[in-house]
1. Give the residues of the stretch 118-148 whose amide nitrogen is closer than 16 Å to a point set 7 Å from the Cα of A377 in the direction of its Cβ.
2. Give the residue from S374, A271, I316 lying farthest towards the positive end of the charge dipole for the stretch 253-375; charges sit on Cβ (+1 for Lys and Arg, -1 for Asp and Glu) and the dipole is referred to the Cα centre.
3. Roughly how big is the stretch 381-439's charge dipole about its Cα centre, with Cβ charges of +1 (Lys, Arg) and -1 (Asp, Glu), in debye to the nearest 20?
4. Ranked highest first by the average count of other Cβ atoms within 10 Å around their residues, in what order do 282-294, 239-251 fall?
5. Relative contact order of the chain: what whole-number percent is it, with Cα pairs under 8 angstrom and at least 6 residues apart?
6. For the stretch 117-134, in order, what is each residue's ³J(HN,Hα) by Karplus, 6.51 cos²θ - 1.76 cosθ + 1.60 with θ = phi - 60°, in whole Hz (x at glycine and Pro)?
7. Among 368-380, 255-267, 201-213, what's the highest-first ranking by average C-beta atoms within 10 angstrom per residue?
8. Might you report the magnitude of the Cβ-based charge dipole of the chain about its Cα centre, with Lys and Arg at +1 and Asp and Glu at -1, to the nearest 20 debye?
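The values are calculated or read from the model by the stated rules, or taken from the named source; none is laboratory data. Note that the structure is a prediction, hence the values are computed from the model and not measured. FYI the Cβ positions are ideal-geometry reconstructions off the backbone, even for glycines, and counts take in every protein chain you see. We work out accessible area using only protein heavy atoms, side chains counted, and drop any ligands, DNA or RNA first. Shrake-Rupley method; radii C 1.70, N 1.55, O 1.52, S 1.80 Å.
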Amino acid sequence: MLSTLQPPRCSLSRFTLHLPSKPSFFHSKQTPLSTPHSTLTDQLPTSNSSQPLQSQILSIRHSLLSRQITATQLADSYLNRLRALEHHLKSFLHVSETVRSDAREIDDKILRNEELGPLAGVLVAVKDNICTAGMPSTAGSRILDGYRPPFDATAVKKIKELGGIVIGKTNLDEFGMGSSTEASAFQVTANPWDLSRVPGGSSGGSASAVSARQCVVSLGSDTGGSVRQPASFCGVVGLKPTYGRVSRFGLMAYASSLDVIGCLSTTVADAGILLHAISGHDTLDATSSKREVSDFTSQISAVDSFESKPLKGLRIGLIRETLDKGVDGQVNSAIRAAASHLEELGCSINEVSLPSFSLGLPAYYILASSESSSNLARYDGVRYGNQATADELTGLYENSRATGFGSEVKMRILMGTYALSAGYYDAYYKRAQQVRTIIQKSFRAALDENDILISPAAPSAAYKIGEKVDDPLAMYAGDIMTVNVNLAGLPALVLPCGFVQDGSSNLPVGLQMIGAAFDEGKLLKVGHIFEQTLADCRFVPPLLADDIVG
């Protein structure tokens, strides 16, 4: 029991929320959200009360099959909202030109009474380091400016096969190297909760787009927290699967032993549906697992079916080191309040110590930088990447990389090359790998005693654009909560649990749940119950809630 838990800043009392017996998120009236150039209709699945939506994906499916709305109308609604907000947010690097034609194909199938895939009509945004056939895939880098892959990443291919529509490619820190999306070579994305703040990174565009309802769900990549930290900053759900659960084929490699493709959504149920869609073994990725993929949505149930203590008997460990000094006081309070809520739901909460936790950050940056220096060697203007002009081959290599890569990427390549160089390998890379083994063992021991571990997703809420751009060490320190999970290869779920006040801004805080390898189902079950029993916490940005765009 935790005697020091503080009361929540927003009500977390149990069972005050009840979902409608059937989805009813589409209406015929027009939304009074207006801009100088467009009017958005109220055909988007949105929440009109403090109740969290159980699943936008299931609601869309119901509305299409019952013919309350067409896929084309739905696509137009999202495209209108995307365009209306994009000037402010800059979430996307490219918007697909085939969205409406893809939607019409779904409408034609409905008219012919053909079977629809589980993602039919669902607008999915894809991080721009994940390959999409016929669409730009730049990884946020000038060296790949204009590159259009001839193939889809396996995760994208599966989404399309199930009826999903790729609405566009989202902004990111160049090659996934960053925590704020300020390291993109093309633009800086803003946080929908406060346009003067970062959305997190590197999947900042994907998180911002979901938060602003510019898409239904999105794909991101997570090498050291790049799905989970933006999810926390933007008040959405972020799911990092177990390493090997989802094929990495078509994901532009940053650090191959750490990279995973993850999911961002507004509800836990949607994250589970999307994960189920993209999971499974792939012969094109030798590191993908052959484990059977269970139906993650089987863990999702309606609020009115919950018992009085729906999580009774569940053992949850609160990682002590994640609430030490360096963590914002309001974040600390929000996480302890969330732990208190879990206790009310029947969990037993115990503080657990992971003494190796602080070692993860330096080990991660050595390993990730080392792997990136190897993976990015291919971008030389000859094998891959835009080619600069030069009089001889060495100069061509130098000029292509000098003009193509941004400063953050160059710095990490240099750090990685140094760590792998003769005379320094044992002192840096080898030692970091030894630390990684220690971290894996400490997580295994903690998860033997607990079903789930919890922590903040980030030590602070979203910070101002430009605040840390000149202090890379402060930027790196923001990854302290997430990198250990990647080093251990474990699954983790981040979902909004409360708010902090910073000046005039009310900013969301994310709770991170960490599970045993390939135990995403348990994370989704607990996360869904936690989410559905939150009261008086509506995680819709003021940009949308107040119907203000301009």
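1. No residue passes the distance filter.
2. Result: I316.
3. Working: 7 positive and 5 negative charges, 81 e Å.
So the magnitude is around 400 debye.
4. On the way: 282-294: 14.1, 239-251: 25.1.
The densest-packed peptide leads the list: 239-251, 282-294.
5. Values: 1323 pairs, mean separation 106.4, N = 550.
In percent, rounded to a whole number, it is 19.
6. Values, residue by residue: x, x, 10, 4, x, 7, 7, 10, 8, 10, 4, 7, 9, 10, 5, 9, 4, x Hz.
7. On the way: 368-380: 20.5, 255-267: 25.0, 201-213: 33.4.
So the order, starting with the most tightly packed, is 201-213, 255-267, 368-380.
8. Details: 49 positive and 54 negative charges, 107 e Å.
The calculated dipole for the chain is roughly 520 debye.
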